[in-house]
Amino acid sequence: MKRILVATLALIAAATTAVRAQSLDDLNIQFHGYATEGFLYTTNNNIFTTSSSDGSPAWTEAVLNISAQPTPKLRVAIQGRYFLLGNFGNAITLDYAMADYKADDRFGVRFGKVKTPSGLFNETQDIDPSYLWSLLPQSVYPITSRNSLLSHYGGVAYGTIKLAPGFGKLEYRGWGGERVLGADDGYFVSQKESGLNLPNGLSGVTYGAALHWITPLRGLMIGASDGKDNQWNSAVTAGGGALSGTEVIKPLNTPSFFGRYEKDKLMVAGEFSRLPVNGSINFTGLPAEPIRLDDHSWYAMASYKVTDKLTAGVYDSQLVDHQAALGPARYSKDWAISGRYDFNQYLYAKAEQHFIEGTNQSYDTALNPGGLKPNTKLTILKVGVSF
């Protein structure tokens, strides 16, 4: 599937070359981006592989995207990101590189490395200036796996269908290709701590569809998506390479149901999703070790624009692994209170307070040698600049 990305980059270059006689204004070339710096402090557990119990500024992001429109129906775009969060990242990655051809409102297609249009926020979770929250609900949008969940190599077909008068309209999206979970993905933290290593990460075929019903009630959207993954296989080692084998994740699907209502200064939204995983780790000459989890995740949120510059909000985010034993490691319950102040169109600041119960969260036990406490409070301060 990475050949699709190469082909897309070639198309971007070819499209630009083919219209090089045009002015930059004719090409509608645009540059946008942002940079943020975050500070985290927790009362108990160190979180996201940072030393947050002592206060940690180890959360930095810088994003640049470039787009051009060589013809009225064709747009090409690319976005790169520098990401550092504790021991995650500290590297430049490619969020997407795509060509987007829109025939009309009813049908369009984009291909390359493209955003996966699942859930309510997946297509926008890479754009920090566009939303209130410092952290999106971690039950559904874990920050330590954002690079893996955001996009895939392949394509997306999309469009809008007008329904009968009085029934609104239906937006559809269908996708397919290859998803890659990098070796440093947050899903593998617990495996690494137990001595397992996936040197090539985990990858495999993915496909799915999403429907958004724009209802006749102004401001109300109700939607659903379902992503399906074929069996994934990856090399795995342990004991410093003394053991080698294969990690197998059997076919799974990840349904999601969501809705959003916006009126004047108020926004209310919610989402439910499920991630059932069934697989095994198979070392040569040893019995297979099963992998089982069944995450049920949901959140409900609301925000209100207090003034032109100040927005406040709250959400409740919960995750329960129905395959895990009873106890704090089975769940995570997170109440968050958020505020954002826009100094001008370029500079903004966010403050967020989390009240977290349970330890099914991105905790690195190596950074919590005294053991994980069942509850912790997380304070986040963030400043950002966009252009």
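The values are calculated or read from the model by the stated rules, or taken from the named source; none is laboratory data. The model shown is predicted, which means the values in this text are computed figures rather than measured ones. Quick reminder, even Gly has a Cβ in these numbers, built from the backbone with ideal geometry, and neighbours come from all protein chains shown. Ligands, DNA and RNA are stripped out before the accessible areas are found, and what is left, the full protein with its side chains, is counted by its heavy atoms. Shrake-Rupley method; radii C 1.70, N 1.55, O 1.52, S 1.80 Å.
Scattering from region 99-200 was approximated by placing one identical point on each alpha carbon and applying the Debye formula without solvent; log10 I(q)/I(0) at 0.10, 0.15, 0.21 1/Å stands at -0.39, -0.77, -1.14.
Each label was represented as a point 7 Å from its Cα along the Cα-to-Cβ direction; for residue 54 and residue 262 these points are 4.3 nm apart. Applying both filters, DSSP loop and at most 13 other Cβ atoms within 10 Å, to the trypsin sites (Lys or Arg not before Pro) of region 36-134 gives 73, 106.
Taking a point 7 Å out from the Cα of residue 335 in the direction of its Cβ, the residues of region 292-319 whose backbone N falls within less than 17 Å of it are 299-303, 313-319. In terms of its alpha-carbon gyration tensor, region 19-136 comes out prolate; a/c meets the 1.5 threshold, and the first ratio a/b outweighs b/c.
A full extension of the chain between residue 306 and residue 29 corresponds to an added length of 96.2 nm, given 0.36 nm per residue minus the alpha carbon distance. With R₀ fixed at 51 Å, the C-beta to C-beta distance from residue 43 to residue 170 puts the FRET efficiency at about 0.65.
Values of log10 I(q)/I(0) for region 341-386 across q = 0.18, 0.26, 0.27 Å⁻¹ run -0.67, -0.92, -0.96, by the Debye formula with one identical scatterer at each alpha carbon and no solvent.
When the alpha carbon coordinates of region 200-298 are projected onto the principal axes, the ranges are 62, 22, 21 Å, largest first.
Note that the chain presents 47 Å² accessible area per residue, ligands and nucleic acids not counted, probe 1.4 Å. Each peptide in 196-204, 303-311, 133-141 receives the mean, over its residues, of other Cβ atoms within 10 Å, and ordering these scores from highest gives 133-141, 196-204, 303-311. Remark: spin-label model distance residue 109-residue 373 equals 5.5 nm, labels positioned 7 Å along the Cα→Cβ axis. Length, then width, then depth: along the principal axes, the Cα atoms of region 270-364 run 64, 27, 22 Å. Counting pairwise Cα distances across region 2-386, what percent come out greater than 27 angstrom? Across region 2-386, Cα pairs with separations above 27 Å total 54 percent. Once C-alpha pairs closer than 8 Å and six or more residues apart are averaged by separation and normalised to the residue number of region 2-386, the relative contact order reads 14 percent.
Could you compute the net charge surrounding residue 148? Neighbours are other residues with a C-beta less than 9 Å from the C-beta of residue 148; K and R count +1, D and E count -1. The answer is +1. Computed over region 143-192, the convex hull of the alpha-carbon atoms projects to a mean area of 5.2 nm².
Charge tally for residue 120 (other residues, Cβ to Cβ under 10 Å; Lys, Arg +1; Asp, Glu -1): -1.
Taking Lys and Arg as +1 and Asp and Glu as -1, the other residues whose beta-carbon sits under 12 Å from that of residue 381 total +1. On region 16-142, 57 percent of the accessible area sits on carbon and sulfur atoms, based on a 1.4 Å probe.
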